[in-house]
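In what follows, a single structure is set out as structure tokens and then discussed.
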Amino acid sequence: MNRRTKATLEDVARLAGVSTATVSRALSRPDLLQGETLARVQGAIAQLNYVPGGAARALASGRTLTIGAVIPTLDHAIFARAIQAMQTELAASGYQLLIAASDYVPGLELAAVRAMLARGVDALMVVGADHLEDTWSLLVNASVPVVLSWSFDARLPSIGFDNHRAGRLVADYLLGLGHRRFGMISGHTRANDRIRVPEQVSIAGIDNLEIAAHLSPPLTTVHLPTTDLGRAVADHLLARLKGQEPPARMELPIDLVVRRSTGPAGP
């Protein structure tokens, strides 16, 4: 069987009518090229089925064009939406996103952070500020940009929400309805108690998942703009990779979405 010769950087440059340096720039910094030139290079890459050698490209540029994200789980819409937005934003600048999920296990998170840094990611995102001391040591001393998300900590640049304010939004709203005795549901043990909502008890949540509007009754909840968070994390890391200094703290706005699961307190 005859094997087709693997295309080279020079082949792409020749077909596109540009220099090899322009092809390299199209692969590593497409945002620096004019649309017509970039289109010609990308067309030549597609026509030749050219696949750049990652190790060689990283050696030449000093970067792997990969950014890591260590999150608790992908089995939750708030993280999935943020990761999708982050990936879309990074891809537009020529970066690939590597994802690791710790399953809320601190030791697995430590291993994931260590592995990401070992494989040479250009930047890293982690979720929250509750980490093992060994994890904190890796993050604070990393030679690449690192950003915390969903929370804040003075030790690292952070992009997130004021979780205390989210709680206050719900509490103040319920207090305004006359409620004075509060509880928190953390499981399903009372799912079959047939308590009437909101006639007997008002219920409010946080995250504003899509299902909240379709429950019976629809759930009052605090909306967290997780898609905006994903974009903001990507923009922050890209800015730092370009040598810029974005703000070390970015707090995203949150809103209370009032639906029919809350009502005035009974007598």
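The values are calculated or read from the model by the stated rules, or taken from the named source; none is laboratory data. The structure presented is a predicted model; accordingly, all values stated were derived computationally and were not measured. Note that we place each Cβ from the backbone using ideal geometry, even for glycine, and neighbour counts take in every protein chain shown.
Let's see how each residue does on (1) surrounded by fewer than 18 Cβ atoms within 10 Å (Cβ to Cβ); (2) in contact (Cβ under 8 Å) with a residue 60 or more places away in the chain; (3) outside any helix (DSSP H, G or I):
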{"position": "A7", "(1), (2), (3)": "yes, no, yes"}
{"position": "E10", "(1), (2), (3)": "yes, no, no"}
{"position": "L15", "(1), (2), (3)": "no, no, no"}
{"position": "V23", "(1), (2), (3)": "no, no, no"}
{"position": "L27", "(1), (2), (3)": "no, yes, no"}
{"position": "D31", "(1), (2), (3)": "yes, yes, no"}
{"position": "E36", "(1), (2), (3)": "yes, no, no"}
{"position": "A39", "(1), (2), (3)": "yes, no, no"}
{"position": "A44", "(1), (2), (3)": "no, no, no"}
Checklist entry - Here is a list of conditions, (1) of a type in the set (A, V, I, L, M, F, W, C); (2) outside the structural domain of A239 (by TED's automatic domain parsing); (3) modelled with pLDDT of 90 or more, and I99 meets all of them except one; can you say which number that is? => result (2)
Checklist outcome for this item: Those strands (runs of 3 or more DSSP E) completely within segment 71-185 that have 2 or more residues that are of a type in the set (V, I, T), surrounded by 15 or more Cβ atoms within 10 Å (Cβ to Cβ) and under 19 Å from the mean Cα position of the chain (by Cα) are 123-127, 146-149
Checklist entry - Is at least one residue of segment 123-144 of a type outside the set (A, V, I, L, M), in contact (Cβ under 8 Å) with a residue 40 or more places away in the chain and on the phi < 0 side of the Ramachandran plot? => result no
